[in-house]
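S.K.: Below are the structure tokens for one structure; questions will follow.
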Amino acid sequence: MNLRRSNNGSTLNPLSVKPKSAQGRGVLSEEAFQSMISLERKRSERSRKPFLLMLVDMGDHHQPTERTTRALGSILSAVSTATRETDVVGWYKNSCVVGAMFTEIGLGDRASALGTMITRVSGNLKNTLSLEQFNQVNLSFHLFPEDWDCGEQRRPSNPVLYPDLEKRDQARKFLSAVKRAMDLVGSLTALVIFAPLFLAIAVAIKLTSKGPVFFRQQRIGQHGAPFVFLKFRSMCVNNDASKHKEYVRQMIAGKAERHPSNGNGEGVYKITSDSRVTRVGAFLRRTSLDELPQFINVLKGEMSLVGPRPPIPYEVEAYDLWHRRRLLEAKPGITGMWQVSGRCRIKFDDMVRLDLQYAQNWSPWLDVKILVRTPVAVVLGEGAY
């Protein structure tokens, strides 16, 4: 038997088999089981109690036989026997990959819990299957929530835990192609039109402060994958970011105070009196001209014209679990629901809710409406600083 903690990503062909649970419990279909994974993720985000997803398959099922069909039925019986009444058993992939969710496994020693599950399930499988079948079984475990390390140059989120998002993306495949076409045309057009402005801003930056024209910073993109984010430099070089880090942590925790902005008593959730910002940089920020280089990120496919703003790694470290969903459900963008709805005047949790609302209701037409509203928001300077 092959034990592993991550899925090998192979595609398995469905088998026409619907065996019964050994304990008389119903075995959920693929659609129902994947919906339960989504529901359990949200429950875990709130309760902070992890769950363990176990997947069992027989390897290559390109040519299903009656023998493998019977083996899968035996696997279902063995898995059902090894689970508690509160656990969920079903098809992760219809009649191909058996799944089981061990819910609320406890906040203590996760390694011990994993070892217990492996021993219990493998023992049942060994007693149920023939030696040849047992040696063909691939058993993988996937713990939610995952440990995100934004310092690594890889995607920290485990795609196995998000089958509902994969299915949604497949259903939107054509519309996603339309969105990418809009991004390519829009970014190329903007780079051509704003080329003289790029040059003028570059000259102004070089004449008024020492340092590069562009500010490059690691940001976190869709699925938690890092990329190099571009802006026109608006600050002095070699500045101390500790003040910003602390304010961001307070803002995400809902403890930050609003700062006055342009004489507006309402204020913004942003540091407004920042000695690190240059005179030219202050103008660029108020007019959002510092954002123009991000059209290059859009052209490279790292960002979209419309989407959630990409966070800095230390922001993600301060996230609550449910905040991560804004990175999982949509590609980051130059503008979005947040930018046209008040920007920095909005609390962080409300910003996340706007991002999730955008991801759930997204369509090319919604992108067009946001893009049309963006110039008005920029001219009025709503929440900008």
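S.K.: What number does the stretch 283-323 give for Rg over Rh if you use C-alpha atoms and the Kirkwood radius? Before the final figure, lay out each step's value.
M.R.: Working: Rg = 12.9 Å, Rh = 12.1 Å.
For the stretch 283-323, the value is 1.06.
S.K.: Give me the Kirkwood hydrodynamic radius of the stretch 167-380, using the inverse of the mean 1/r over all pairs of distinct Cα atoms, in Å to one decimal.
M.R.: On the way: mean 1/r = 0.0554 Å⁻¹.
For the stretch 167-380, the Kirkwood estimate is 18.1 Å.
S.K.: Ser275 versus Glu132, label points 7 Å from Cα toward the beta carbon: distance in nm?
M.R.: 7.8
S.K.: Given a cut-off of under 8 Å on Cα pairs at least six residues apart, what relative contact order in percent is computed for the stretch 206-257? Don't jump to the answer; show the numbers that get you there.
M.R.: Details: 41 pairs, mean separation 13.9, N = 52.
Relative contact order, the stretch 206-257: 27 percent.
S.K.: Same structure, new question: Just flag the GluC sites (Glu not before Pro) in the stretch 315-373 sitting in loop per DSSP whose Cβ has no more than 12 other Cβ atoms within 10 Å.
M.R.: Working: sites: Glu315, Glu317, Glu329; in loops: Glu329.
The qualifying sites: there are none.
S.K.: Please find the FRET efficiency linking Trp322 to Phe194, where r is the Cβ-Cβ separation and R0 is fixed at 41 Å, and quote it to the nearest 0.05. Don't jump to the answer; show the numbers that get you there.
M.R.: On the way: r = 37 Å, r/R0 = 0.90.
Result of the calculation: an efficiency of 0.65.
S.K.: Take each of the peptides 351-364, 297-310, 161-174, average the number of other beta-carbon atoms within 10 Å over its residues, and list them starting from the highest.
M.R.: Answer by packing, highest mean first, reads 297-310, 351-364, 161-174.
S.K.: Here is a follow-up. For the stretch 287-301, take each phi angle, set θ = phi - 60°, evaluate the Karplus expression 6.51 cos²θ - 1.76 cosθ + 1.60, and give the result in whole Hz per residue in order, putting x for glycine and proline.
M.R.: 9, 6, 5, 5, 7, 4, x, 5, 4, 5, 4, 5, 4, 7, x
S.K.: If you don't mind, there's one more thing I want to ask. Report the FRET efficiency, 1/(1 + (r/R0)^6), for Glu166 and Thr119, where r is their Cβ-Cβ distance and R0 is 35 Å, rounded to 0.05.
M.R.: Working: r = 31 Å, r/R0 = 0.88.
Result of the calculation: an efficiency of 0.70.
S.K.: As an exercise, use a Förster radius of 56 Å and the Cβ-Cβ distance of Leu175 and Phe283 to find the FRET efficiency, rounded to the nearest 0.05.
M.R.: Numbers: r = 38 Å, r/R0 = 0.68.
Using R0 = 56 Å, I get an efficiency of 0.90.
S.K.: Just grab the label-to-label distance for Ser35 and Asn238, each label 7 Å out from Cα along the Cβ direction, in nm (one decimal).
M.R.: 6.0
S.K.: Long-range amide H contacts for Phe215: which residues qualify at under 5 Å (H placed 1.01 Å from N, peptide plane, sequence gap of 5 or more or a different chain)?
M.R.: Sorted by chain and number, the residues that satisfy this are Lys231, Phe232, Arg233.
S.K.: Quick one: putting +1 on the C-beta of Lys and Arg, -1 on the C-beta of Asp and Glu, what dipole do you get for the stretch 167-380 around its Cα centre, in Debye to the nearest 20? Let's see the in-between values first.
M.R.: Values: 34 positive and 18 negative charges, 32 e Å.
Result for the stretch 167-380 is approximately 160 debye, rounded to the nearest 20.
S.K.: In the stretch 167-380, with Lys and Arg counted as +1 and Asp and Glu as -1 at Cβ, which of these residues, Ala190, Ser363, Cys236, has the Cα nearest the positive end of the dipole, that is, farthest along it?
M.R.: Of the candidates, Ala190 comes out farthest on the positive side.
S.K.: For the stretch 303-343, what number results from the quotient of the Cα radius of gyration and 2.2 N^0.38 Å? Don't skip to the end; give the middle numbers.
M.R.: Values: Rg = 10.4 Å, N = 41, 2.2 N^0.38 = 9.0 Å.
Relative to the 2.2 N^0.38 Å estimate, the stretch 303-343 comes out at 1.15.
Read-outs throughout are calculated quantities, based only on the coordinates presented, and are distinct from any laboratory measurement. Owing to the predicted nature of the structure, the values given are computational and were not obtained by experimental measurement. So basically every Cβ, Gly included, is an ideal-geometry build from the backbone, and we count neighbours across all protein chains shown.
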